[in-house]
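The structure appears below as structure tokens.
None of the figures in this text is laboratory data; all of them are computed from the coordinates on show. Computed from a predicted model, the values in this text were never measured in an experiment. Cβ atoms come from the backbone with ideal geometry, glycine included; neighbour counts cover every protein chain shown.
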Amino acid sequence: MSAPNKSYDPVEVEALKPEEIERMRNEALAAFAAAADLEALREAKAAHMGDRSPLALANREIGALPPQAKAEAGKRVGMARGAVNKAFAARQAELEAERDARVLVEEAVDVTLPYDRVPAGARHPLTTFCERVEDVFTAMGYEVAEGPEVEAEWFNFDALNFEPDHPARAMQDTFFVAGDKPGRETGVVLRTHTSPVQVRSMLDREPPIYVVCPGRVYRTDELDATHTPVFHQVELLAIDEGLTMADLKGTIEHMVRSLFGEGLTTRLRPNYFPFTEPSAELDMQCYVCRGASVGNPEQPCRTCSSEGWIELGGCGMVNPRVLVAAGIDPEKYSGFAFGFGIERMLMFRHNVEDMRDMVEGDVRFTRPFGMEI
Ligand code: PHE
């Protein structure tokens, strides 16, 4: 039986010397301790625990040792690696806890903050009211028609039977679009009413025609409590065979009921418009006092100034000359038109006392009308 080879000393293998192993271990521990974040720790791990780390290389040397030396060297390297693994795991846990604590602070969401610091806003009552009027008429089979706000004088006046020198042209306080030199007029205006859309609709379509034309119009008025240079009108146009004033009145009564409630009547007062003949001013019974304030000083009505009636707008049977200008045979077709101002209607419908409230865009005015989005 041969004696153990006493002459073999495992420390001869440089990498397996106890102090070398100790140094490797300490270096690894120092590197982990110095790693300031998880990224640095990951690099330290590759350097000290990876396949090419000093301890891994030392481990590989063990295989080459004689059997009796293997156990001791194996134990030494194993213990060092165990300590390194442990130190790594401890530092990793520490750095992860630090990161989690930091993220909790940095990414904290204060759920008690108001969620709507940017208010959603409200649609303007002029828009929503215009749409309500459109709804009333589209439900009756009308089509919504629109036209340009910068309009040819021909559509705004001539086709509507305003003679060139007709005072009505001045009556409407028109904004004319200036030409480049005096006497070189453009023939273009900011439309003073939505009636030019009547003409455009008749030129675009074959009768029967039923259109409702909402839109912005312009007149040279100063902005004050009862005037604004930019306002809105809705105009109605019906062209068909055999239409009469009775159809006009029935249609408007339906609109009045839809917008102001049941049981309200309307009345016509003679008036003049170049584009309708006969023409009338249309009043509706006051929807607040229903006439009870008339001659009754005890019960005055603010809405109708105790007159019992509210003026709605102008109307009439389309003048045959307008039909001809728009290429429609007046022997076969007749039509009615009705136009009214949206601001004015909104004012008496909601007791708005100052027109300026409607154009200033202050949300404190708009908000009580609701968020109809
Ligand atoms: N366009 C007219 C105006 O603005 C109103 C109107 C429309 C009158 C339709 C009669 C028929 O004054």
How about LYS17: which lysines have a C-alpha closer than 23 Å to its C-alpha, ignoring those fewer than 8 places off in the same chain?
LYS6, LYS45, LYS70, LYS75, LYS86
Between segment 287-324 and segment 175-230, the Cα center-to-center distance that results, in Å
25
Rounded to one decimal in nm, the spacing of the 7 Å Cα→Cβ label points at GLU163 and ARG60 is 11.4
Helix 245-260 vs. the chain, principal-axis angle (Cα, 0 to 90°, nearest 10):
40
With angles folded into 0 to 90 degrees, how steeply does helix 38-49 sit against the dominant principal axis of the chain? Use alpha carbons for both and round to 10.
30
Find, among the GluC sites (Glu not before Pro) in segment 219-250, those assigned to loop by DSSP (not H, G, I, E, B) with at most 10 other beta-carbon atoms within 10 angstrom.
GLU222, GLU241
Net +/- balance of residues flanking SER258 in space, Cβ distance below 10 Å, scoring K and R +1, D and E -1:
-1
Less than 11 Å Cβ to Cβ from GLY316, Lys/Arg counted +1 and Asp/Glu -1: what total charge do the surrounding residues give?
-2
Cα long-axis angle, helix 125-138 against the chain (0 to 90 degrees, to the nearest 10):
70
